[in-house]
Amino acid sequence: AVRAAKASAFSVKLSSDPSTDRLKRALLSKNEIKRNAVVSDSRGRFVVAEPNALFFCTALPLVNVRFRTGSSNNVAVDRNQLCCLGRYNVNFCVVGMQFCPDNDRHLVIWGTAEAAIIILNKNCDTVEKRIELVIELEPLECESEYLLKCEWLPHSETHVAAVCGTFIKVFDVRRSTSSSGRSSSFEAGSAEETEGSKSFSCSSSTCYTLAYEDALIRSAVLIPLEGDSFQKEETGSRALDQAARAKLVILFDSGKIHSMDIVFDSNGDMDDQGEIYIETIDGVTFPIEGIRRYSGATPGAPGTTSSTFGEGSSLVYLEQSGLLLYKCMSSCVVALIVNKENGEITGSFEFLPQVLTSQMIGRGMDGYSISAPFIHWTELGTVERDGFMYYRVACTGKSTRTNQPKVLLVEFNERSFRVKELCWSTGSAMGLGLSLNTSFEGFTAFSAPFVAESCPVSDRNSRSFYERAFLAALSSNGSMLIFGEERRKDMNSQFTATSTADDEHARDTEDSPTSHGLATLPSIGNGGTSQPKFPLTIFETLVNVSDSAELILGGDGIGKDPDSVKRKLSIHNGEFFLAPSRDGCTLTISLRQSRPSSQTISRAVDRDSELSLNKKHFKSEKSLVIVAVRLLLGSTTTDYLPRHVSVMGRMVKLSQGVKRWYDLPLTDEEIMLGIRTGFVTLNISSSFDSSNNSLIDAMEVYALPLEELSFGMPSSGPNSAKEQATTKASGRVGITGTDGPIHQRPSASLLLHDDHGEKKKLDLSLLSIVHAAQIAEGCTTNTSKTGFLSRKAILQCLEATALELRGEKSVRNEIMGLMQQIENKAEKRQALVDQGTVSGVRRAMNTLRACVERWTGDGCDGM
């Protein structure tokens, strides 16, 4: 356990009206609809459903626990410490939410009969556009009229499916209209709207309706198919719209499964339009060899198949592992293995039994057991242990003794399977309000960068960052529990089930000066276990961006006039900033990033010119990153001083009754957290005098060019960044396999300048292959030439050297010379050269375009 929010920190009721809340919950319970009241985006920013409202906050400062003080180990945070970003009112009770996997500024929310798509701004603290989905349900008039969930269609930012009891409607929000009747002109990735045109409505473009009235839909999932993603990489970005497909899999109350293809045409429209009827008589058959339908049953014989295990209960798709979890009443959870290219079921095995005994969860023979229903399935990426890769997924079951929900962590691969319970110990549960009546209202997962190993101060370039995975559980009493992955010295990862105090004690032990710990790591400053230490002259090397037009303030303390607050916090006037609430507030600090021009991208970054930046004049802020903050307190009066401030979650206690400047530089890890989340958070506590609001006299913000922060750039050595698994199924991008370095955005200098050391190694490797082939060609053995050098190998060499500068001793010339020995006809040699060269140039351009998109896209905005 890493961090917790106190009971009632969140208001998780469906409605503030008690009678409406009871009515809504009765409807959810009757139709076995599970609530999902919390989601997170790829930057660790949360959206929590509250009564007729959405609450925006950020989680990364909450998990920055490296420098927690001893007095705060067991103290859960209250609402004003949650790094609140904002709040948005909605006109219905929110049951569930999901971020779009392809654009996490697009969020779909739904209730028991209503749904809407909201477009968030770049800082995820307000709504720029809202599109109501016209579902046309009347749950009070017909028992089958209810909304199960909404889900984004794979490979699309504009299509959403609404799954109801008797039909499934698909909405194309590009066809939405405003209240005045005009088109919304909605385009993928666009969210710029004026104040007077935020509300739109959208009718369905496709409706899949059950052909028979005696059938009901229990659940449905959309499975993305990977075959077309490969075609996009080969033929260009528009090919995805021409062939993007998915598999829609529906579970009926009879336990039978029905599947159908979802295909888009070249315009991004679905091939299916209008009303389409679903035949539910025949279901998809799946193998049941070795599967026990219920506890004590005989396993299925080899070659046997089935189309149902009884009354349908739930259907969940785990995208990372490609498993479709099928569950019927009183039966086991069956994992159906799905072919990711065509969506067909290729195998199956028993995933979880109906009841997990104490031996299965590692508790011995105490009779303790956990039973179905298993809900809130959340993927947690992959982990490598003892040379094997494991998939991880969390869910909840219920205790057979008390019916209290229990959090389970499942790790599995094709060789082994393990399940354990994640517990929050009694010693750290003070103020959380956990009881036998507590249930969970939603789960979400996210990850954050953290320093993995120590290095000397003089060698910051060797700093390694790894991803630490976190699981957040929102309880019915308004508290939030955040479980974190714990990395041991042997670099194996596991989710900790210890208390907050135990977790901190373990860190203090591992981080002692005699071990390769974390607390002794140098950053911009070198820190102990309570507060990091920084050089006295650190601010002399930084760029003051306090008066920059690119500096943007946000958070719940700003209100609707950020420019006014920015002016009040300037050192050049006598004004001051007063927190809007006596409980404190949160400020977010970011640098607005301008999109670089083609000339900016095409030229190399002049490192010397960046070093010559001074505090008053600097040429470019496109790649500046916030690294420090200074606060002036007590200048106006000492009666309104806050008790403490927290920068990126690290608490700094203040002196009562003293006027002074407080220097708040960020550690390397906190800088990375700020880059990930898109801004730096500054949480201001309540005042020493609880009857007064806290007051800040002035604030200065300092930054450095991103190129100066070598740990924020991808390395080209043995520890280079690698692609890791993402959890798109739950609306997130960025939940990664936790045993690899994080993948960061490259700079222009890295894109356009060769690493001569690596290039030399490549040249030598290719030359060795060519020379080996030449030597082999001259051998007198019975092995033919083609056994050593094939047409495919020649093409690969031509692709790799397509952009090589010509020279007398270049690898390209060696390959050309070798081609003359294996191909006599000049026309065929030239055709082979042209084919390899064009393929190599195309691959290089695709790589460059992807890098430029990451550099100029939304992922760069905010810092």
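The values are calculated or read from the model by the stated rules, or taken from the named source; none is laboratory data. Quick caveat: nothing in here was measured; it's all calculated off a predicted structure. Cβ: placed from backbone, ideal geometry, glycine included. Neighbour counts: every protein chain shown. Quick note on the areas: whole protein, heavy atoms, side chains included, nothing else; ligands and nucleic acids left out. Shrake-Rupley method; radii C 1.70, N 1.55, O 1.52, S 1.80 Å.
Just a few scattered comments:
- More than 22 Å apart - percent of Cα-Cα pairs taken over segment 621-707: 30
- Per-residue SASA entry for MET651, accessible area with 1.4 Å probe, Å² rounded to 10: 50
- Residue by residue, segment 336-347 carries 3J(HN,Hα) couplings of 8, 7, 10, 6, 6, 8, 10, x, 7, 7, 10, x Hz when phi is fed to the Karplus relation 6.51 cos²θ - 1.76 cosθ + 1.60 (θ = phi - 60°); x denotes Gly or Pro.
- Phi-based couplings in Hz for segment 200-215 (Karplus 6.51, -1.76, 1.60; Gly and Pro marked x): 9, 9, 9, 9, 6, 9, 9, 9, 8, 10, 5, 6, 10, 7, 8, 10
- Exposure of ASP104 as accessible area (Å², to 10), given a probe of 1.4 Å and all protein chains: 40
- Under the combined filter of DSSP loop state and at most 11 neighbouring Cβ atoms within 10 Å, segment 395-427 retains these GluC sites (Glu not before Pro): GLU414.
- Residue-count net charge about THR667 - beta-carbon cut-off 9 Å; Lys, Arg +1, Asp, Glu -1: -1
- Zone of SER371's modelled label, taken as backbone nitrogen in segment 302-345 under 12 Å from a point 7 Å along Cα→Cβ: 330-331
- Summarising the amide proton neighbourhood of VAL645: residues at separation of 5 or more, or on other chains, whose placed amide H is nearer than 5 Å comprise VAL652, LEU654.
- Cβ-Cβ FRET estimate between ARG363 and MET260, R0 fixed at 45 Å, reported to 0.05: 0.55
- Shown for segment 285-408 is the translational diffusion coefficient from the Stokes-Einstein equation, using the Kirkwood radius over Cα pairs, a temperature of 20 °C and a viscosity of 1.002 mPa s: 137 µm²/s.
- Taking all protein chains together and a 1.4 Å probe, the residues TYR317, TYR326, TYR294 rank TYR294, TYR317, TYR326 from largest to smallest accessible area.
- Neighbour cut-off at most 16 other Cβ (10 Å), DSSP loop, GluC sites (Glu not before Pro), segment 335-379: GLU341, GLU344
- Rounded accessible area per residue of segment 320-426, 1.4 Å, Å²: 40
- SER8 exposes around 90 Å² of accessible area when a 1.4 Å probe is run over every protein chain in place.
- Each residue of segment 352-361 was assigned a 3J(HN,Hα) from its phi angle through the Karplus curve 6.51 cos²θ - 1.76 cosθ + 1.60 (θ = phi - 60°); the sequence is 9, x, 4, 10, 8, 7, 5, 5, 5, 9 Hz, with glycine and proline shown as x.
- Figure note: TYR368, TYR277 ranked by solvent-accessible area, largest first, 1.4 Å probe, ligands and nucleic acids not counted: TYR277, TYR368.
- Residues SER564 and ASP21, FRET efficiency given R0 of 30 Å [Cβ-Cβ distance, rounded to 0.05]: 0.20
- Across TYR391, TYR662, the residue with the most accessible area heads the list, and the full order at a 1.4 Å probe is TYR391, TYR662.
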